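Asker: Pasting a structure here, questions to come.
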Amino acid sequence: MPKRSSSYSESPSTDRRRLVQLVLAGMAGMPVLMACTPEVKPFKSTDVTGASFGQSLQIKDHNGNLRTIEDFKGKIVIVFFGFAQCPDVCPTSMATMAEVKRLLGAQGDRLQVLFITVDPERDTQALLKEYMANFDPSFIALRPEPDELDAVASSFKVYQKKVPGSTPTTYTVDHSAGKYIFDSESRVRLFSAYGTDAATIASDIQILLSAA
């Protein structure tokens, strides 16, 4: 008569039940772990953290004062290149930044917009001051000397080129139209492409402000 084996083997269904129990037991602790992990909100603009754009910036503003990015430590800084006689891209971008400040509400005082002219030959300090006032009196225009312009634009990897007009004084200037956003520690963090709406930019700035 054959002897029965003393070994014991569970059925496949029992194995599956134990596996499910182990998985459920592990999941029971997940909400606690997830609750301890801070939510990281992604930026909608391009993250350029670690870049060195504009760190050597030293340009006179529309009041004749020499400025650097570090002068605005404690604020979020948006840098934009343009020129006063620009027909559409520049005024549209500046109006967008004025709307960004409005959307920030009480935090709007922690935003500083810097407009760097790519047309220092025609954009005098007085003209730039008046141009800024059209959008927000807190906005500051920076005017590099004509022989400084190439180096300043290069420090931001900005393209700018004079395009001749019908007369020597009716030229225009092709230029990059994106915006560089610095955090409150004067570190460049984001690049916002031309056409990005004000709500998107304001949302990214609020993330930077919340981390300050």
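The values are calculated or read from the model by the stated rules, or taken from the named source; none is laboratory data. Being a predicted model, the structure only gives us computed values, none of them experimental. A quick note on method: Cβ atoms are made from the backbone with ideal geometry, for glycine too, and the neighbour counts reach across all protein chains shown. All accessible areas refer to the heavy atoms of the entire protein, side chains included, with ligands and DNA or RNA removed. Shrake-Rupley method; radii C 1.70, N 1.55, O 1.52, S 1.80 Å.
Asker: If a residue has to be under 18 Å from Q112 (Cα atoms) and in contact with a strand residue (DSSP E or B) (Cβ under 8 Å, 6 or more places away or on another chain) to count, how many in the stretch 136-168 make the cut?
Answerer: Number of matching residues: 8.
Asker: Looking at the stretch 85-105 only, could you name the residues that are farther than 18 Å from S184 by Cα, open to solvent by 20 Å² or more (accessible area, probe 1.4 Å) and of a type outside the set (S, T, N, Q)? Give the derivation first.
Answerer: Just the residues of the stretch 85-105 that are farther than 18 Å from S184 by Cα, to begin with: 85-96, 98-99, 102-103.
When the remaining residues are screened for being open to solvent by 20 Å² or more (accessible area, probe 1.4 Å), the result is 85, 87-89, 91-92, 95-96, 98-99, 102-103.
Within the stretch 85-105, P87, D88, V89, P91, A95, A98, E99, R102, L103 meet the criteria.
Asker: On to the next question. Of the residues in the stretch 55-90, how many are hydroxyl-bearing (S, T, Y) and farther than 22 Å from G108 by Cα? Even if it seems obvious, please write down each step before you answer.
Answerer: Step one: of the stretch 55-90, the residues hydroxyl-bearing (S, T, Y) are 56, 68.
Imposing the further condition that a residue be farther than 22 Å from G108 by Cα reduces the set to 56.
Summing the residues that are hydroxyl-bearing (S, T, Y) and farther than 22 Å from G108 by Cα in the stretch 55-90 gives 1.
Asker: Inspect the stretch 106-114 for any residue being at pLDDT below 95 and open to solvent by less than 70 Å² (accessible area, probe 1.4 Å) and give the result as yes or no.
Answerer: Applying the first criterion (at pLDDT below 95) to the stretch 106-114 yields none.
No, there is no match, as no residue in the stretch 106-114 is at pLDDT below 95 and open to solvent by less than 70 Å² (accessible area, probe 1.4 Å).
Asker: Among the numbered conditions (1) within 19 Å of the chain's Cα centre (by Cα); (2) touching a residue at least 60 places away in the same chain (Cβ under 8 Å), tell me where V113 comes up short.
Answerer: With (1) within 19 Å of the chain's Cα centre (by Cα); (2) touching a residue at least 60 places away in the same chain (Cβ under 8 Å) applied to V113, the lone miss is (2).
Asker: Kindly list the number of the only condition in (1) out of contact with any helix residue (DSSP H, G or I) (no Cβ under 9 Å at 6 or more places or on another chain); (2) farther than 18 Å from F191 by Cβ that fails for D47.
Answerer: For D47, the exception is condition (2).
Asker: Here are some residues: A153, A177, A126. Which one is farther than 20 Å from V77 by Cβ, of a type in the set (G, A, S) and in contact (Cβ under 8 Å) with a residue 60 or more places away in the chain?
Answerer: Values: A153 fails: farther than 20 Å from V77 by Cβ; A177 fails: farther than 20 Å from V77 by Cβ.
The conditions single out A126.
Asker: Restricting the first residue to the stretch 59-76 and requiring it to be under 21 Å from E121 (Cβ atoms), which pairs with a second residue that is at pLDDT 95 or above and loosely packed, with under 11 Cβ neighbours inside 10 Å meet a Cβ separation below 8 Å and a spacing of at least six or different chains?
Answerer: What qualifies is I59/L66; K60/L66; H62/A126.
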